Amino acid sequence: MPALRHARPLEHLRLVALNIDGVLLNDTFSPVIHHFVTSRGGTYDADVERAVFSQPRSVAARALGAAAGVDWSPERVLEVYFEERAAHLARHPLHVLPGAEELLHRLRALGLRTVCYGGLDKTHFDTHLGHWAHLFDGPGYVCTNDFRPGVHEITAELFGLPYDRALFVDDVARVGEAARALGVPFIGHPSPFPYGFQGRLMREAGVRHLVGSLDAIDEVLLRTLDGEAAEGLAWAA
């Protein structure tokens, strides 16, 4: 954007990986998962989110079925889940979160490469963010369903970077836990869903940088993270 057009590039970080649902797009998974469980008499708690969020679909389906108390195959759980998600989206459409485009321009003005990732296939990205494809690098979008959460695969295998040169932004604590295990810088953007536990789980995992909006991922925060990564302090207590 104009204010950052001549910004000094960051010195250490080279890549920012942005989750699609819950970071660039609004969270449409938590409400549906919550309803799937509670409408069938199940208890929705932090353990359910741990077992379901950012897991491969087959793993998440088994956990979701168990939480809801249904004796269904994973395939049947997924079928019903996506039917209920479609009904939810008809009432509450997907939309790009405020500040998303500005964030993408800010990252690129600071000399960073960007990539988007998530558990759905690339048509999801093409449909909702395809008009911004030119603002992403590499494949643009990475479907991580087969290797969730995908922090190692995106950083080391796809972009060939040391772990401390990539920054992940996600709404799920499990991704933050994987980032911490590898020493990858991380920003948590927990969902505002009122019955959610991700903010608490992120704090328990030691995530220090949590934001409530994309505007909060500003130049000051990015330079702070850049400096921390350069000094090996991305996860300092």
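The values are calculated or read from the model by the stated rules, or taken from the named source; none is laboratory data. None of the values given here were measured: they were computed from a predicted structure. Methodologically, a virtual Cβ is constructed for each residue, glycine included, from the backbone with ideal geometry; neighbour enumeration extends over all protein chains shown. Accessible surface is based on the protein model in full, side chains and every heavy atom, while ligands, DNA and RNA are left aside. Shrake-Rupley method; radii C 1.70, N 1.55, O 1.52, S 1.80 Å.
Determine, yes or no, whether LEU89 is part of a helix (DSSP H, G or I), under 18 Å from the mean Cα position of the chain (by Cα) and touching a residue at least 12 places away in the same chain (Cβ under 8 Å).
Numbers: part of a helix (DSSP H, G or I): yes; under 18 Å from the mean Cα position of the chain (by Cα): no; touching a residue at least 12 places away in the same chain (Cβ under 8 Å): yes.
Answer is no for this residue.
Mind checking whether some residue in the stretch 45-56 is at pLDDT 95 or above, of a type in the set (D, E, K, R), open to solvent by less than 10 Å² (accessible area, probe 1.4 Å) and touching a helix residue (DSSP H, G or I) at 6+ places or on another chain (Cβ under 9 Å)? Checked the stretch 45-56: at least one residue is at pLDDT 95 or above, of a type in the set (D, E, K, R), open to solvent by less than 10 Å² (accessible area, probe 1.4 Å) and touching a helix residue (DSSP H, G or I) at 6+ places or on another chain (Cβ under 9 Å). Among the residues of the stretch 57-70, the ones that are among the aliphatic types (A, V, I, L, M), crowded, with 16+ Cβ neighbours inside 10 Å, closer than 23 Å to ASP170 by Cα and out of contact with any Phe, Trp or Tyr (no Cβ under 8 Å at 6 or more places or on another chain) come to 1 in all. Looking at the stretch 132-155, is at least one residue outside any helix (DSSP H, G or I), open to solvent by 20 Å² or more (accessible area, probe 1.4 Å), at negative phi and hydrophobic (A, V, I, L, M, F, W, C)? Yes, because at least one residue in the stretch 132-155 is outside any helix (DSSP H, G or I), open to solvent by 20 Å² or more (accessible area, probe 1.4 Å), at negative phi and hydrophobic (A, V, I, L, M, F, W, C). Within the stretch 202-225, being within 19 Å of ARG106 (Cα to Cα) and surrounded by fewer than 19 Cβ atoms within 10 Å (Cβ to Cβ) holds for LEU210, VAL211, GLY212, SER213, ASP215, ALA216, ASP218, GLU219, VAL220, LEU221, ARG223, THR224.
Report the residue count in the stretch 92-131 for those that are part of a helix (DSSP H, G or I) and not hydroxyl-bearing (Ser, Thr, Tyr).
First, the residues of the stretch 92-131 that are part of a helix (DSSP H, G or I): 100-109, 122-131.
Then keep just the ones that are not hydroxyl-bearing (Ser, Thr, Tyr); that gives 100-109, 122, 124-126, 128-131.
Adding up the residues that qualify gives 18.
Please work out which residue is surrounded by the most Cβ atoms within 10 Å (Cβ to Cβ), limiting yourself to the stretch 163-192 and to residues that are out of contact with any Ser or Thr (no Cβ under 7 Å at 6 or more places or on another chain) and of a type in the set (Val, Ile, Thr). Reasoning before the result, please.
Quick first cut of the stretch 163-192, residues out of contact with any Ser or Thr (no Cβ under 7 Å at 6 or more places or on another chain) only: 164-165, 167-170, 173, 176-183, 185-190, 192.
Within this subset, residues satisfying the condition of being of a type in the set (Val, Ile, Thr) are 169, 187.
Values: VAL169: 23, ILE187: 25.
The extreme case among them is ILE187.
Out of all the residues in the stretch 66-77, is one or more in a helix (DSSP H, G or I), free of Cβ contacts under 8 Å to residues at least 24 places away in the same chain and in contact with a helix residue (DSSP H, G or I) (Cβ under 7 Å, 6 or more places away or on another chain)? Scanning the stretch 66-77, I find at least one residue that is in a helix (DSSP H, G or I), free of Cβ contacts under 8 Å to residues at least 24 places away in the same chain and in contact with a helix residue (DSSP H, G or I) (Cβ under 7 Å, 6 or more places away or on another chain), so the answer is yes.
The listed residues are GLY160, GLY199, and the only one of them that is touching a Pro at 6+ places or on another chain (Cβ under 7 Å) and surrounded by fewer than 21 Cβ atoms within 10 Å (Cβ to Cβ) turns out to be GLY199.
Condition check: in contact (Cβ under 8 Å) with a residue 12 or more places away in the chain and in contact with a strand residue (DSSP E or B) (Cβ under 7 Å, 6 or more places away or on another chain). Does LEU94 satisfy that? Criteria met by LEU94. Would it be correct to say that HIS34 is touching a residue at least 60 places away in the same chain (Cβ under 8 Å), assigned to a helix (DSSP H, G or I), more than 30 Å from VAL220 (Cα to Cα) and open to solvent by 10 Å² or more (accessible area, probe 1.4 Å)? Yes; evaluated as a whole, the condition is true for this residue.
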